[in-house]
Structure formats: C-alpha cells, structure tokens
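Chemist: Got a structure for you, written out below as structure tokens; questions coming shortly.
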Amino acid sequence: MLIKTAEFLMSNQDYTKCPQDNIPEIAFIGRSNVGKSSLINMLTNNFNLAKTSSTPGKTQLINHFLINKSWYLVDLPGFGYAKVSKTLREKFKKIIDDYVLKRPNLICLFVLVDSRIPAQKIDLEYMYWLGLNSVPFKIIFTKADKLGVNVLKRNIKEYEVKLAEYWETLPDFIITSSINRQGKEELLNYIESIL
Ligand code: GTP
Ligand code: MG
C-alpha cells in the first residue's frame, strides 16, 4: 500500500470524543519511548506528523491521523515508564484502557516493544490482558537498526520463549526500524490486508 495523504485530525483524552464515524483505525501502543510516534512518521514519510522526543511521556493524548482519506492511524500515550510520575502513569492508563476496550473503530492494536531489551513483564502481561479481552493485536519490534543481525535474531528467539509462557500459539510480529525503514512494506501490506 502507498500512503498518499496523511493528515492530523484531532487529539483528545477521551475515547468518547474520538471521531464519530465508521472509518477503521489502527493504533500504536507500548511503553513510553519505544518509538510509536517515530514509526507513524516513518510509515507516512512525514517526520513532523507525530511529535517524538527522547524524553519519555511525549505523547499525552489520543491522536488521530487520517490516512489516504480512508483509515486512521492512532498514536497513543506510552504506558508504564518509571520516570513518568505515578499520577501521569495512572491517567494515561485510564485513557488507553478505555480507548482499547471501548473504541468500536479499532481493528488492530500494534504493540510496540524495543528489540534491544529482554521481554518485559509489563509488556507480556499487557498482551495477555489484550488476549483475555479479545483485542486483536500484533507485536512490532522497534529500533532494529541498533542491533546487528545475529543479536537481533537471538533477542527475537528469546522473546518468543517468554511469549510461549503465556501463549500456546505465539502472536505474530514484524521487525521494524524508523531509522532505516525496515519493516515498512511488511507493516503497510499487513494493514492493507486487514482494512
Ligand atoms: P512516548 O510518546 O513518550 O510514549 O514515546 P514514543 O513511543 O512515541 O517514542 P518516540 O517515537 O517519541 O521515540 C523515542 C525515542 O526513540 C526518540 O529519541 C526517537 O528518535 C528514538 N527512536 C524511535 N524509533 C527509533 C528507531 O527505529 N531507531 C532508533 N535508533 N531510534 C528510534
Ligand atoms: Mg509518542
């Protein structure tokens, strides 16, 4: 799929205030700083579309971007970052949990995890919770450019071993980098297949 247009539509803190239409949407979720906003910019070839920062907690709202005038990409606040205050963490959690469970337009959630670090309990438990709530999701490994091929392979294998503690059939994943655009085609093709 080619992305021809990508427009920022609106930001808000409440799923009930999201666009009231039947346009399908895909949302990016994951711990703060994992690279959600960067990946949205990479996919849309617009490095000013979603706000990114090396400081965790940059995205604080549910942000809707209209793609090709026919579907939404949604950027969400990160969860669980220790350096973000507890109050802010709880506020984000409420916003994103409500959104994930109650937004009818959501057809797939991409759960981003950093390919450089071992599987984190918070991510594994989050995916398990998605499963319990029948929320369709796919794992996206980010920042693959920071690793050599062999280390990347080893990390993914180790991640699969951890996932197997929770899942009989392992969830699908795509490996990406917002820097060298790895995974772009695969991700866009997958989105096209579910729209
Ligand atoms: P919050 O909005 O705080 O939840 O973070 P986020 O998940 O949206 O992360 P963001 O896209 O703002 O990126 C966080 C930092 O990681 C920034 O400094 C990015 O430049 C960097 N980053 C994101 N993706 C990649 C990547 O694929 N490769 C490399 N090397 N750096 C990345
Ligand atoms: Mg962000």
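The values are calculated or read from the model by the stated rules, or taken from the named source; none is laboratory data. As the structure is a prediction and not an experimental result, all values here were calculated from the model. As a convention, Cβ positions derive from the backbone with ideal geometry for all residues, glycine included, and neighbour counts pool all protein chains shown. Heavy atoms of the whole protein, side chains included, go into the accessibility calculation; ligands, DNA and RNA do not. Shrake-Rupley method; radii C 1.70, N 1.55, O 1.52, S 1.80 Å.
Chemist: Once you sort the root eigenvalues of the Cα gyration tensor of segment 43-149 as a ≥ b ≥ c, which label holds: rounded (a/c under 1.5), prolate (a/b larger than b/c) or oblate (the other case)?
Modeler: Numbers: a/c = 1.20, a/b = 1.04, b/c = 1.16.
Rounded, since a/c falls under 1.5.
Chemist: For residue 162 paired with residue 4, estimate the spin-label separation in nm (one decimal), with each label point 7 Å from Cα along the Cα-to-Cβ line.
Modeler: 4.2
Chemist: What's the Cα-based Rg to Rh of segment 115-195, Rh via Kirkwood? Please list the in-between numbers first.
Modeler: Numbers: Rg = 13.2 Å, Rh = 13.6 Å.
Value, to two decimals: 0.97.
Chemist: If N is the number of residues in the chain, what value comes out of its Cα radius of gyration divided by 2.2 N^0.38 Å?
Modeler: For the chain, the normalised Cα radius of gyration comes out at 0.96.
Chemist: Sticking with this one: For segment 6-194, what is the accessible area per residue in Å², given a 1.4 Å probe and the full set of protein chains?
Modeler: Details: 9380 Å² over 189 residues.
Per residue, segment 6-194 has 50 Å² of solvent-accessible surface.
Chemist: Let me ask another. For residue 174, list long-range residues whose amide hydrogen, built 1.01 Å from N in the peptide plane, is under 5 Å from its own amide hydrogen.
Modeler: 139, 140, 141
Chemist: Would you mind checking 94/143; 4/36; 58/83; 121/157; 58/93; 93/121 for any pair whose Cα atoms are more than 18 angstrom apart?
Modeler: Working: 94/143 27 Å; 4/36 20 Å; 58/83 12 Å; 121/157 16 Å; 58/93 15 Å; 93/121 16 Å.
As for pairs spanning more than 18 Å Cα to Cα, those are 94/143; 4/36.
Chemist: Sticking with this structure for a sec: Quick check: the distance between the Cα centres of segment 53-71 and segment 95-173, to the nearest angstrom?
Modeler: Using only Cα atoms, the two centres lie 19 Å from each other.
Chemist: Ignoring ligands, DNA and RNA, please state the percent of accessible area on the chain from carbon and sulfur, probe 1.4 Å.
Modeler: Values: 5100 of 9880 Å².
Looking at the chain in its full context, I get 52 percent from C and S.
Chemist: Between residue 53 and residue 145, with labels modelled 7 Å along Cα→Cβ, what's the label distance in nm to one decimal, could you check?
Modeler: Result: 2.2 nm between the two label points.
Chemist: On alpha-carbon atoms, Rg over Rh for segment 3-67 using Kirkwood Rh?
Modeler: Working: Rg = 11.9 Å, Rh = 12.6 Å.
Rg divided by Rh gives 0.94.
Chemist: Could you check the spin-label model distance between residue 117 and residue 133? Points 7 Å from the Cα along Cα→Cβ, value in nm.
Modeler: Going by the 7 Å Cα→Cβ label model, 2.2 nm.
Chemist: Read phi for every residue in segment 134-143 and hand back ³J(HN,Hα) as whole Hz from Karplus 6.51 cos²θ - 1.76 cosθ + 1.60, θ = phi - 60°, with x for Gly and Pro.
Modeler: 6, 8, x, 8, 9, 8, 10, 7, 10, 6
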